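Colleague: One structure is given below, represented as structure tokens, and several questions about it will come after.
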Amino acid sequence: MPVMYGQRLMHSPTIYNFAGDRLNDKNMRLSDLHTGEHGIIVKVTGHGGFRKRIVEMGFIKGKKVEVLLNAPLMDPVKYKIMGYEVSLRRSEAEMIEIVSEAEAKEINKRVSHTEKGSEITPVDDRPLTDKQLKEAAKIRHRVINVALVGNPNCGKTSLFNFASGAHERVGNYSGVTVDAKEGYAEFEGYTFNLVDLPGTYSLSAYSPEELYVRKQIIEKTPDVVINVIDASNLERNLYLTTQLIDMNLRMVCALNMFDETQKRGDKIDYTKLSELFGVPMIPTVFKNGTGVKELFHQIIERYESNEEELPYARHIHINHGHEIEDGIRHIQEYLKKDESVRRLYSTRYLAIKLLEYDAATMEYIETLPNSAEIFRVRDVAAQRVKEETGEDCETAIMDAKYGFIHGALQESQYQTGKNKDTYLMTHYIDYVITNKYLGFPIFILILFIMFFATFTVGQYPMDWIDATVAWFGKVISHNMPDGPVKAMLVDGVIGGVGAVIVFLPQILILYFFISFMEDSGYMARAAFIMDKLMHKMGLHGKSFIPLIMGFGCNVPAVMSTRTIESRRSRLITMLILPLMSCSARLPIYIMITGSFFALKYRSFVMLSLYVIGISIAVILSRLFSTFVVKGEDTPFVMELPPYRFPTWKAMGRHTWEKGKQYLKKMGGIILFASIIVWALGYFPYDDALDARQQQEQSYIGRIGKFVEPVFRPQGFDWKIDVGLISGVGAKEIVASTMGVLYSNNDSFSEDDSFNDEGGKYRTLHRQMTSDLARLHGITYKAAEPVATLTAYCFLLFVLLYFPCIATIAAIKGETGSWKWALFAAGYTTLLAWGVSAAVFQIGRLFL
């Protein structure tokens, strides 16, 4: 199987991976050489006829090419290759990847660190021999750029993870890959730069992911494309294959989930299917690696050999009917007049897209000097198709492709088996889970179980971590002399980071549940259940998935809105996403609910926060769609994949990945913020004051006292205010700030009767209640219900106010405007202030 993270197979020769090799990004081109310089050809990129012509001129891998002279206007350039002279335009030379002498020396230096005494190791700065140059080019040539393309839920990301060892999310719903993920694998002496492109049903201009995939394939032409196909749904998946064939790419198809078709008893002659499509079809099961070795063998063969020499390798032209084919040929004649078009595109593919009146393609054609002629020929062809078939070109082309697919499957003796209905269990489960009466209650029940388990199961390891942190603090406190260093370690580092790290078990449990729902296929059902509500909110049904992802982290949730076709729905979704309680808020929720609410009420309090956030999001999205962001929506189309029980390994890996991210925050931004908060609370230091007086006269106390009047309607004191301000950077800092501010405050009333099983909870309850009693001028006992109300208002404020800076930056990046990012920051903060103030003031009337 391919090697995980660059580990090498014992039988494989040593190979080298270069950071700059990813998908043809910065590799040197023939056009980069100056007069008198030379290099060795690594590969020729480009499409079809253009690439073939260049190769026929002698520009093939391993050949030495030298720049003889440049024309007076620097174009064309005369080169010497294979003993004769030839001229190329710079734009053509740009499609030829080479290794120059300078780059070869750098490659050989890297080799010398690994293989001492290698014959290509440079001894000094003398020019390299042709043999050394060719060896360096051979190393560079053994890097293959591979793009993974396929329908949503076909298993692309599973292959990517299996082959590269990368731990990308494998969510069982459309749009999980919202950007290209890059990794690499090594196999039989080759390095494979793998790019996992977003799942897409076609290469039309219907959705952002379709346009993104097209752009990546065209602008960063991969050496080989792996078309991952769900073998249990061949007819629909092969439609994308036909479009990739139109693009004239080197391609290998992976018939994935082949085990499911065998269980069902499907019959398919995939050898015949390979022959009919002109592309090798390899049965695979990415869960256990079946077929992956053969898949990578085929990639190497496609990369190294002439297409004509390989089995099944023939570039077919799918026959769309004589009128359409005549139109394609006429349009191609005009497209081929521009050499720049032939370098980047298959002219047949462009002609088909023009007949489909593809918007992105027409925008490109408009930039060409003969665009008017091209459009005229296209319109004539489209009119003839309409007259003959009675249908528009797009429909006729689609029908022709499905006709080809149907015929190919029949000739391959494709039969769907009846041994086992792989969707039977899915249908039974959906009958209950998506029921119009039971769907919503089940969804709420699942959320309640998730929060209940987060508290009850997570409480035990949380207490162990809490006890360890407390013990560590006591050890330092008893063994270090008094002073600022001891205070920083005990009150700043341990008080701040320790206040947040204790919530790691709850974070892991929460993500375990989310991982199960995503990988099993339930998350897609949640979007299906919520579609009607989404439309009532003025949103697209697909908006529900980013909103659900927002419970994990708002930043990737904002980025995932790219899968929403409607700009209006996409923008509104981004604006209300901050109202979804991300996991960064969870430590604050657990800290406050654990301090002020009995165990039996905590799950209800937590659930209420999520329900309030969703409810306010519903109201605001309706307002935004009516008054702020106007426009038309697009139809809701989402696949409901079959249920699959996720592997424990996959769920454990996803959960631990989130845990690692959380721990990294502890050692980074949380640690830094905790020390800053401690320093602001410690200086200027006066040992004549007690702990409470010292805090109040410190820098942070002065800041808190300054802003305290702003938050007086919520009943907050200055410490709570400072905690909220610190959360602008990252929400976890709120919990660490509270931990620092209350870690050295022993000023609480002796008549405290609150009893709780957690020492940290009890301490925070006492200290905050004591401070609020002084703030409101009442006794400690009288302050307890006020403190509980204040705590809940504090939770509401944390739920609704300013999302972290990273989320604001993500909104700016996705919208391309600071206007919407600042609007999101401003309205959420005002909303949080108004809601929390209203709840506190109304609540005081009943105390």
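Colleague: So, in Å, what gap is there between the alpha-carbon centers of region 489-548 and region 237-260?
Modeller: 34
Colleague: Return the subset of LYS386/LYS418; LYS532/LYS660; LYS43/LYS336 for which the Cα-Cα distance in this structure is over 30 Å, preserving the input order.
Modeller: LYS386/LYS418; LYS532/LYS660
Colleague: Can you order the peptides 390-403, 228-241 by their average number of other Cβ atoms within 10 Å per residue, highest first?
Modeller: So the peptides 390-403, 228-241, ranked by packing, come out 228-241, 390-403.
Colleague: With contacts defined as alpha carbon pairs under 8 Å and 6 or more residues apart, what's the relative contact order of the chain in percent?
Modeller: It rounds to 10 percent for the chain.
Colleague: Of the beta bridges DSSP finds with both residues in region 142-309, what % are antiparallel, to the nearest 5?
Modeller: Around 30 percent antiparallel, to the nearest 5.
Colleague: How about region 433-520: which trypsin sites (Lys or Arg not before Pro) there lie in a loop by DSSP and see at most 15 other Cβ atoms within 10 Å?
Modeller: LYS436
Colleague: Highest mean first, what order results for 442-451, 580-589 on Cβ atoms within 10 Å?
Modeller: In descending order of packing, they fall as 580-589, 442-451.
Colleague: Sum -39500 (n - 2.57) across every DSSP H segment of at least 4 residues in the chain, then divide by the residue count to get the 222 nm mean residue ellipticity, nearest 500.
Modeller: Here the helix-only value at 222 nm equals -17500 deg cm²/dmol.
Colleague: Restricting to the chain, what percent of DSSP beta bridges are antiparallel, rounded to 5?
Modeller: Approximately 60 percent, going by the DSSP bridge assignments.
Colleague: Can I ask one more? Arrange the following residues from fewest to most other Cβ atoms within 10 Å of their Cβ: LEU508, LEU741.
Modeller: With the sparsest Cβ surroundings first, the list reads LEU508, LEU741.
Colleague: Fewest to most neighbouring Cβ within 10 Å: what's the order for MET362, MET281?
Modeller: Fewest-to-most Cβ neighbours within 10 Å comes out as MET362, MET281.
Colleague: Excluding PHE802 itself, calculate the net charge of residues whose Cβ lies under 13 Å from the Cβ of PHE802, where each Lys or Arg counts +1 and each Asp or Glu counts -1.
Modeller: Charge balance near PHE802 sits at +2.
Colleague: Let me ask you something else. In this model, which of LYS293/LYS353; LYS181/LYS267; LYS78/LYS134; LYS181/LYS272 are farther than 25 Å apart at the alpha-carbon?
Modeller: Listed pairs above 25 Å: LYS293/LYS353; LYS181/LYS267; LYS181/LYS272.
Colleague: Still on this model: Listing TRP718, TRP678 from the residue with the fewest other Cβ atoms within 10 Å to the one with the most, what is the order?
Modeller: Exposure proxy ranking, most exposed first: TRP718, TRP678.
Each reported figure results from applying straightforward, stated rules to the coordinates on display, with no laboratory input. All figures in this text were calculated on a predicted structure; none of them were measured in a lab. In this analysis, Cβ positions are derived from the backbone assuming ideal geometry, glycine residues included, and neighbour counts consider all displayed protein chains.
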